[in-house]
Amino acid sequence: FDEALNQRSALSSGLFQIEGSVTGVAGGPAARFRLYPPIPSPSRGAVSLRFSLASPGPARLEVLDVRGRAVWRTDPSTWSAGDHRLSWSGLDDRGRSVGTGIYFVRLVSGVRSQSLKLVLLR
């Protein structure tokens, strides 16, 4: 698994070697605009939301229902470039628990946006 939870595998009876920077320190990948998959999904409780910005600036995370209505959103804030993580408790903007269903997490920054599916089980 990599940091975005992409999985790759191969079967081999030979020796193997992992090459490249695995620490993410010097020489790591440059920051970019990206919304990572919500973890866990499906979820019965809180969900970890992780995103990355290529440059500092205002950004907002939203959770939308299947009709596109915002049920929860962060205040528009100025974020630094790089990776960020926060938790969504499964409550709407009024503090009420949202029901079982399919939701979409959307990252919006300037003219850019990216959305991913999230499944909640109650």
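Side notes on the structure shown:
- Residue selected from region 92-111 under the condition among the charged types (D, E, K, R) and surrounded by 12 or more Cβ atoms within 10 Å (Cβ to Cβ), by the criterion nearest to residue 51 (Cα to Cα): 106
- Subset of region 52-82 [on the phi < 0 side of the Ramachandran plot, touching a Ser or Thr at 6+ places or on another chain (Cβ under 7 Å) and loosely packed, with under 15 Cβ neighbours inside 10 Å]: 56, 58
- Some residue of region 43-50 being out of contact with any Leu (no Cβ under 9 Å at 6 or more places or on another chain), among the β-branched types (Val, Ile, Thr) and at pLDDT 95 or above: no
- Among (1) over 15 Å from residue 35 (Cβ atoms); (2) under 17 Å from the mean Cα position of the chain (by Cα) - the single one residue 83 does not satisfy: (1)
The values are calculated or read from the model by the stated rules, or taken from the named source; none is laboratory data. The structure presented is a predicted model; accordingly, all values stated were derived computationally and were not measured. Positions of Cβ are generated from backbone atoms using ideal geometry, with glycine treated the same way; all protein chains shown enter the neighbour counts.
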